[in-house]
């Protein structure tokens, strides 16, 4: 598309253009204006003299034109003539998210479809943070059964930011999103306004009450620990936010079957028996296991600081959980709690897709002071169900339209006009160079013409 | 030598009869203005016999009554008509730049005064005077009569002649101006700037055994000397054609072309036995007339 050149300093241009009057005035004044003489014998005046005169006239006009061109080019150089970066006609971009597709009604989709006559539909892919793809709009909008967005930690801002970077100045961006919090996790990026937000409010799903299944496997020797654990779980059940279903299985009496394991979110293994292969396989497939010390290895008086709170616990006995050493040694581990002299109290292993929380103690006051502390149920809750609860919160969290629409004011106080001007200036050197070359060419041509048809010839013709 | 009157001075006198009389009297200085007498039908007067008068002209009846010899005289009768032909084409508006600045005459004005003066002289001599003004737009025709009143009518016509565009072409000229219709003396005033020799054709066609044609060619200083300098845009008076030239460069060639034109014109006049007088509108009017009349006396009119 051909765009008109732009002058950055129009007032300067007008002032400079005023100088164009000078050569014209000089031309009009200096030219010994031909007198008009009415004569009856024009036929006797030879055409040779006429031709010579015509040539002189032509030369004078060419010279005048060259001088005008010289001044004009100078004026344009002064005024910074530039071609603006190609101005793209404003386009409308329609962006939809998977979540919106999943929740929008057919009517709403039809509205979007009607807007697509001269707009581009882009599907913001929730799988990757920067993902967006343009696909067949009709097919995209007409296809049924979009799954609601499940993944957490998806940052829609990133995708939008990435998309808007490629847009022209005047493009209009319509974004169709839902107000679910899980799409907006992460840092908020400054997205070029204005965005035309179409926010679909997804009602809170109240039917989905968060339920946690905890399977406790214990041996009779650890009946004491189970008592404390039961007490803590009962205390948790008083709270409305989370429902914990606890199943107690005495290892000695009943063997654990895999169906029970699959239902469980967590397995608490309170036993001095070594961990059997079934449980290891459960962990490897994504299960979560809490295991306590098999037997007391050391006794003494340690103080361990809990990273999640100011309180510290005293530990009187420490013991290693009965984990298979050959496997555990190779696992990635995370030391959660340690005593002040560096002994492990709580360790986290990642095994396969699951994890193991290894508690180098037991849930009895004989081993440590944790169970006697008032926040023991909450500590257990955050250790075991914290991540799950957070996930549930994200899924049910809603952002208000104001929160989504909020745009940060520009940080550096730079006006957009200035930005465009500086951008334009960076484009200009090529034009400046071209104008300069033209200026030099015109100047040379003017000099050559002026020399060739010098003043002597003019005087000769004028005869003055 | 006679003191001629500067044409610019005459140009300031707007009274045409006065100018004509002044010029004519200057030229005819010392000539009797009384009517010429001689033999004829119309009685004029008796005068005393003087030796040498033919005896046949003595009025014997009167001698019988008065016993003195008287000769009977009659008014001189003239059958000569003087025709004044004026070229009223656009090119006759040519005027020198110098005199233009001082309100001088252009060729047409000069021709009017010249013809008025000739008309006056002819009227004084008792000749009939007629006028023909010729231009492509309009043709003025005043038949030849004599008498003071007619002369005034002639002056009125002369002053009313409007310049047309060009000299009329042969088919446009009415029959009563054609060959042989105008007997006597035909006085043609023109610049003889013609496109297809139309003026010369007309003038030569007038020439006949009973008709004497005198052509007065008017020119001006600008045409003769080409005094222009610098860039000049010349516009042709008749065709409107323009030529922009450096005057100095064009001068030599112009003068050559002009002299060629003049030479060819003179040859044509000679060929058709037409007497030609050259009048320069920047020179005194009476000088031109004087030279003409002096030349005519030499040839014995």
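The values are calculated or read from the model by the stated rules, or taken from the named source; none is laboratory data. Treat the numbers as computed from the prediction; the structure is a model and nothing was measured. Cβ: placed from backbone, ideal geometry, glycine included. Neighbour counts: every protein chain shown.
Residues in segment B:225-237 that are within 33 Å of the chain's Cα centre (by Cα), surrounded by 20 or more Cβ atoms within 10 Å (Cβ to Cβ) and facing chain A (nearest Cβ under 7 Å): B:228, B:234, B:237. Scanning segment B:239-259 for residues that are within 7 Å of chain A (Cβ to nearest Cβ) and under 30 Å from the mean Cα position of the chain (by Cα) yields a total of 3.
Report yes if residue A:77 is in contact (Cβ under 8 Å) with a residue 60 or more places away in the chain and either crowded, with 16+ Cβ neighbours inside 10 Å or in a loop (DSSP other than H, G, I, E, B) (or both), otherwise no.
Numbers: in contact (Cβ under 8 Å) with a residue 60 or more places away in the chain: yes; either crowded, with 16+ Cβ neighbours inside 10 Å or in a loop (DSSP other than H, G, I, E, B) (or both): yes.
Judged against the criteria, residue A:77 is a match.
Just one residue in the set B:122, B:100, B:116 is assigned by TED's automatic domain parsing to the domain that holds residue B:227, more than 17 Å from the chain's Cα centre (by Cα), part of a helix (DSSP H, G or I) and modelled with pLDDT of 80 or more; that residue is B:100. Note on segment B:133-146: residues that are touching a strand residue (DSSP E or B) at 6+ places or on another chain (Cβ under 9 Å) and either surrounded by fewer than 24 Cβ atoms within 10 Å (Cβ to Cβ) or not assigned by TED's automatic domain parsing to the domain that holds residue B:25 (or both) amount to 9.
This table checks each residue for (1) touching a helix residue (DSSP H, G or I) at 6+ places or on another chain (Cβ under 8 Å); (2) modelled with pLDDT of 65 or more.
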| position | (1), (2) |
| --- | --- |
| A:100 | no, yes |
| A:107 | no, yes |
| A:113 | yes, yes |
| A:122 | yes, yes |
| A:130 | yes, no |
| A:136 | no, no |
| A:165 | no, yes |
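Those helices (runs of 4 or more DSSP H) of segment A:199-305 in which 2 or more residues are modelled with pLDDT of 80 or more and surrounded by fewer than 13 Cβ atoms within 10 Å (Cβ to Cβ) occupy A:223-237. Condition (residue is modelled with pLDDT under 85 and over 30 Å from residue B:165 (Cα atoms)) applied to segment A:38-46: is it met by at least one residue? Checked against the condition, which is being modelled with pLDDT under 85 and over 30 Å from residue B:165 (Cα atoms), segment A:38-46 yields no hits at all.
Evaluate the following for residue A:64: is it more than 14 Å from chain B (Cβ to nearest Cβ), more than 30 Å from residue B:97 (Cβ to Cβ) and under 60 Å from the mean Cα position of the chain (by Cα)?
Values: more than 14 Å from chain B (Cβ to nearest Cβ): yes; more than 30 Å from residue B:97 (Cβ to Cβ): no; under 60 Å from the mean Cα position of the chain (by Cα): yes.
In short, no.
For residue A:293, are the conditions met, namely being closer than 12 Å to residue A:361 by Cα and in contact (Cβ under 8 Å) with a residue 60 or more places away in the chain? So residue A:293 passes the test.
Just for segment B:209-218: of the residues that are closer than 19 Å to residue B:99 by Cβ and surrounded by 23 or more Cβ atoms within 10 Å (Cβ to Cβ), which one is farthest from the other protein chains (Cβ to nearest Cβ)? Explain how you work it out, then say what you get.
Taking segment B:209-218 and keeping what is closer than 19 Å to residue B:99 by Cβ, we get B:216-218.
Checking which are surrounded by 23 or more Cβ atoms within 10 Å (Cβ to Cβ) leaves us with B:216, B:218.
Numbers: B:216: 16, B:218: 10 Å.
Across segment B:209-218, the extreme among qualifying residues is B:216.
Can you find even one residue in segment B:67-83 that is modelled with pLDDT under 75, within 30 Å of residue B:199 (Cβ to Cβ) and touching a helix residue (DSSP H, G or I) at 6+ places or on another chain (Cβ under 8 Å)? Scanning segment B:67-83, I find no residue that is modelled with pLDDT under 75, within 30 Å of residue B:199 (Cβ to Cβ) and touching a helix residue (DSSP H, G or I) at 6+ places or on another chain (Cβ under 8 Å), so the answer is no.
Identify the residue in segment B:192-208 that is over 12 Å from residue B:166 (Cα atoms) and touching a strand residue (DSSP E or B) at 6+ places or on another chain (Cβ under 7 Å) and, among all such residues, is surrounded by the fewest Cβ atoms within 10 Å (Cβ to Cβ). If we take residues in segment B:192-208 being over 12 Å from residue B:166 (Cα atoms) and touching a strand residue (DSSP E or B) at 6+ places or on another chain (Cβ under 7 Å), then B:207 is surrounded by the fewest Cβ atoms within 10 Å (Cβ to Cβ). Here residue B:276 passes the criteria (1) more than 7 Å from chain A (Cβ to nearest Cβ); (2) farther than 25 Å from residue B:104 by Cα; (3) modelled with pLDDT of 85 or more except the one numbered (2).
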